[in-house]
Amino acid sequence: MPILYFDRKPNPYLEKTLAARKVEFTELIQKSDFISIHLPLSTETHHLINETTFKQMKKSAIIINTSRGAIIDEKALVKALESQQIAGAGLDVFENEPTMAAGLEKLPQAVVVPHIGSATIHTRGEMARIAAENLLRVLEGNPPEFAVNPEVLKKRINQ
């Protein structure tokens, strides 16, 4: 399948290995059958996918969001799905977690999961390995390799 992507800068790896083509956002929205979102949430990306963008999508489009919930205006998504403006949605994240927009859970063309997109056997195994290694490091008096707030952890370890 042809792969289109939108990004601030070209991605030579995607272009070479997958023959992906960098396009403008509007072209991506208008031509894609599947739109998979991989963006950070910012003022620029908040409700990037909204009533206007849903109207530009193919009726056969399926949107997938595993990044940040508020990138999609969920009320507009419900409206787009109810009116069959797009074909479907797969959501791992929600705009106002843990709740979702009213009616979203009742739509048969929406697949929603509770933020478990990373729940592959490999990923969870690696997460468990890293947690165990960090625990051993701390028990030996060393800081963990990965910490949410390493400065706070260093202070606690040294107390």
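Brief remarks follow.
- Given charges at beta-carbon only (K, R positive; D, E negative), |dipole| of segment 88-138 in Debye: 180
- Net dipole in debye of the chain [+1 Lys, Arg Cβ; -1 Asp, Glu Cβ; about Cα centre; nearest 20]: 220
- Positive end of the dipole of the chain (Cβ unit charges, origin at the Cα centre): among 13, 104, 123, the Cα lying farthest that way belongs to 13.
- Backbone amide hydrogens, once placed in the peptide plane, bring residue 64 within less than 5 Å of 35, 36, 37, 90, excluding anything fewer than 5 places away on its chain.
- Sulfur and carbon atoms: percent of accessible area, segment 12-72 [1.4 Å]: 57
- Rg and Dmax of segment 85-141, Cα atoms only, in Å: 17.5, 58
- The chain, helix-only ellipticity at 222 nm - DSSP H runs n ≥ 4, -39,500 (n - 2.57), divided by all residues, nearest 500: -10000 deg cm²/dmol
- Residues within the reach of a label modelled at residue 105 (point 7 angstrom out along Cα to beta-carbon, backbone nitrogen below 17 Å), restricted to segment 43-85, are 74-75, 78.
- DSSP bridge analysis restricted to segment 13-159 gives an antiparallel fraction near 10%, rounded to the nearest 5.
The values are calculated or read from the model by the stated rules, or taken from the named source; none is laboratory data. The model shown is predicted, which means the values in this text are computed figures rather than measured ones. Positions of Cβ are generated from backbone atoms using ideal geometry, with glycine treated the same way; all protein chains shown enter the neighbour counts. All accessible areas refer to the heavy atoms of the entire protein, side chains included, with ligands and DNA or RNA removed. Shrake-Rupley method; radii C 1.70, N 1.55, O 1.52, S 1.80 Å.
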